[in-house]
Each structure stands twice: as C-alpha cells, then as structure tokens.
Amino acid sequence: MKMLGKCAGFALAAALALFAAGCSKSESDTIAIGGIFPLSGDVAVYGVECKKGIDLAIDEINESGGVNGKKIVLIGEDDEGKPDKSVNAFKKLTTKDKVKFIIGSLTSGCVQAVTTLAQAGHVIQIAPAATAPAITDAGDYIFRACFIDPFQGTVMATYANKNLNAKTAVLIREISNDYSVGLAKFFSDTFKKLAGESSILAELNYNTGDQDFTAQLTTIKASNPDVIFAPGNYTESALIMKQARELGITAPFLGGDTWETPELIDVGKDAVEGCLLSTAFDAGGATGDLAKTFLTKYDEEYHKEPAAFTVLAFDGYRLVLDAIRRADSIDTTKIRDAIAATRDFEGVAGDVTLDENGDATKSAFIKTVKDGKFTYITIVNP
C-alpha cells in the first residue's frame, strides 16, 4: 500500500494516538483510539463508510512504523444506530478502555445521547456527520466536522426555488428521526420566505421501518406540488420514490446527505433517477491537492469513490491533528481550545472554520442520480 504522499491527513492518526495515550498502559505496544459507529442495524452503511476513513489512516501509520514504535489500535464499538447502545459504548470506552477522545457516533440521536456524558467527563467528542443543531449545545468539549441542519435545509429550499423554479412543496418526514424532522423544518422555514407562507401544501409523516406509503402519497398526488422534500434514511426514501412513481407522481424528490449511498439506487432503481440531494462531498467538486491525493488512495484500497461519511471522518481526524500541533500538547483542555480556534482549515471536503458553538462552517455539494450513479451538479458556499 502506497503512502499518501506528503498528505498531512494520515499523520493525523499519529497525533490522535498520542492524544489517546492515556487509553493504553505505558508498557503496551499499542495505542488505542475510541470510536462509536453503527456497524449493524438499519443505518450500518453509514458507520461502515465512516470507519473506512479511519482505517485507512491507521493502516498507513502502522505500515510506516506506528507512533514512537507503537502500533495504533482503534477500539470501535457498534451502537447499531440506537441511542441507548451509544451510551453503553461510551461508558465502556471511557471507563474500561480509558479513552479521552471519541469520534462518533453517526446519527444525531445517537450523538446527542452521549454529549452530556462527554462534556462532564472532559472527553473530546467529534461528531463527523451528525447535523442536529443542538448537539454542540452540550458544551465546549463537543465539536462536529459537518454542516448543520439549518444550512442543509436552507440550501435545498433555495435550490428548489431558484434553480428549479419551484413555487410549491410538500414535506414528508421520518417523524422518529431527529435528522429528518430538523431538515424538514429548516427547508419549510426557508421555502416559505422565498415562495410565500402558503407554499408548503402539506407536511406528512411516517415511521422508521414503514414499507407502505400509499396514504401519504395519495395526499401528495392530490396536492400536485412542484417539489417533494423527503429527508429520511435511504431505505424508506427509496421506497417512497418508487411507490410515488408507480402512482404517477412526477414531481422531483429532494433530500439530504443520508441518501448518498449505493443502497438508495439498489432499492429505488429507476425511480430515484433525477432525485436531488445535498451532501458534504463529491469527487467532482474536489479540486485541492489534498482531496486529489486522498481520492487516489481511497480508489487504490476500495476501487470506488468515497462516501461523504468517509471523508467527514477523515477530516475530523485532521482537525484534531491540527489542534494538537497548535497546542503543542496532549492536554485535553489545551487541545479543546485549539480545536475551537480552527479557522480556514483545509479538508478533503473543503475548508473548515469552526464557529463559536464548535460547528463547522463549510460548503455543501448538490448531487443528482443520473444513469444509476450519483452525479455532481454544483457547490454551495455558506
């Protein structure tokens, strides 16, 4: 496996390993890093993609001799995408494994389940892909590497109105999913400002795991909206689009970054052609040397383009590396302060500035599905 050039990205694992030295005994020949991911369950595809970014970094460092002669070991815990199991994973990592840095989990609900615990224990937590605004309200040890729901919802509402000339919309929310509810709210708020208070014709709900959407789609067909905003997990979203097309509904479907997985296309097939989504990364919009080098490395390992979750996890690691460098310390308080001061930091998914809440301010990418593939359309800056 080739080294990733002079890319600072894979040096990150070394820095994190130093930071996590408290997790391992001094006599150990390994250094542990904590991670919480949904590696099984309904949203496992997201956790698997996120972990790939971390595994690449760890492999590169270990093949080059590790850190100070010690190999890096990821102590990963599977929370199945369930908040109660996220709590169990956090407690195991911080009490048994003595980890003081955790990346994860992935979904907003699972991340929020442990933020209060992380803050109280002065454990630095990086949420690579959770977009609910309230996540970083827990305190100053909590950060995220992605944009938040208001930006993603605003981007899609603006795109629908300005680029698609949409004057009316219907929302269909996965009501048991904080992410879906949040994006729908911010889409609605922005769309009403652009197209008028009466522009949202209906707000419909369903539950995770539902299979039949006839009732909701009947209402949508009768409403005849210009666009349908349906930010949910990929399985239900694909089924909604498939059943909508079978009912003769032709309006474009819009969603968020949870749609960006091959399974959306596998389940929805031709029905998802032309759907539009916002996401944190696309190779077509990646122009920097760091991004190009990372893409080459990822292709060598997995023979495809990385998902946004993979890149966000990788960039989250690099944020910590930069903070450790600037802090010149492995003291968690100093690193916390250095992370908070991050400005214009180069990432694979674009430059990152953290605001006063610890949230990343960064660009969004708009994609569509064309000929069975996710295809880059444009980039939207904050």
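Structure summary
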| item | result |
| --- | --- |
| Any hit, segment 208-225, residues being within 21 Å of Thr131 (Cβ to Cβ) and surrounded by 22 or more Cβ atoms within 10 Å (Cβ to Cβ) | no |
| Residue in segment 131-148 that is among the aromatic types (Phe, Trp, Tyr), at pLDDT below 95 and touching an Asp or Glu at 6+ places or on another chain (Cβ under 9 Å) present | yes |
| Any hit, segment 128-144, residues being more than 29 Å from Asp344 (Cα to Cα), in a loop (DSSP other than H, G, I, E, B) and not β-branched (Val, Ile, Thr) | no |
| Residue within segment 265-273 that is within 18 Å of Met156 (Cα to Cα) and over 24 Å from the mean Cα position of the chain (by Cα) present | no |
| Strands (runs of 3 or more DSSP E) (entirely within segment 42-127) containing at least 2 residues that are without any contact (Cβ under 8 Å) to a residue 12 or more places away in the chain and within 30 Å of Ser237 (Cβ to Cβ) | none |
| All positions within segment 296-311 that are within 24 Å of Arg144 (Cβ to Cβ) and either surrounded by fewer than 17 Cβ atoms within 10 Å (Cβ to Cβ) or of a type in the set (Phe, Trp, Tyr) (or both) | Tyr298, Phe309 |
| Matching helices (runs of 4 or more DSSP H) fully within segment 274-382 where at least 3 residues are touching a residue at least 24 places away in the same chain (Cβ under 8 Å) and under 20 Å from Gln152 (Cβ atoms) | 308-327 |
| Residue ID - farthest from Ala118 (Cα to Cα), chosen from residues in segment 323-382 that are surrounded by fewer than 17 Cβ atoms within 10 Å (Cβ to Cβ) and of a type in the set (Gly, Ala, Ser) | Gly372 |
| Search result, residues across segment 135-162 that are more than 18 Å from Ser188 (Cβ to Cβ) and not hydrophobic (A, V, I, L, M, F, W, C) | Thr136, Asp137, Gly139, Asp140, Tyr141, Arg144 |
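The rows are residues; the columns are (1) assigned by TED's automatic domain parsing to the domain that holds Ser237; (2) among the acidic types (Asp, Glu); (3) at pLDDT below 85; (4) over 30 Å from Ile240 (Cα atoms).
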{"site": "Glu273", "(1), (2), (3), (4)": "yes, yes, no, no"}
{"site": "Ala291", "(1), (2), (3), (4)": "no, no, no, yes"}
{"site": "Tyr317", "(1), (2), (3), (4)": "no, no, yes, yes"}
{"site": "Asp328", "(1), (2), (3), (4)": "no, yes, yes, yes"}
{"site": "Arg336", "(1), (2), (3), (4)": "no, no, no, yes"}
{"site": "Ala340", "(1), (2), (3), (4)": "no, no, no, yes"}
{"site": "Glu346", "(1), (2), (3), (4)": "no, yes, no, yes"}
{"site": "Leu354", "(1), (2), (3), (4)": "no, no, no, yes"}
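The values are calculated or read from the model by the stated rules, or taken from the named source; none is laboratory data. None of these values were measured; they are calculated from a predicted model. Every residue, glycine as well, gets a Cβ built from its backbone with ideal geometry; the counts of neighbours run over all protein chains shown.
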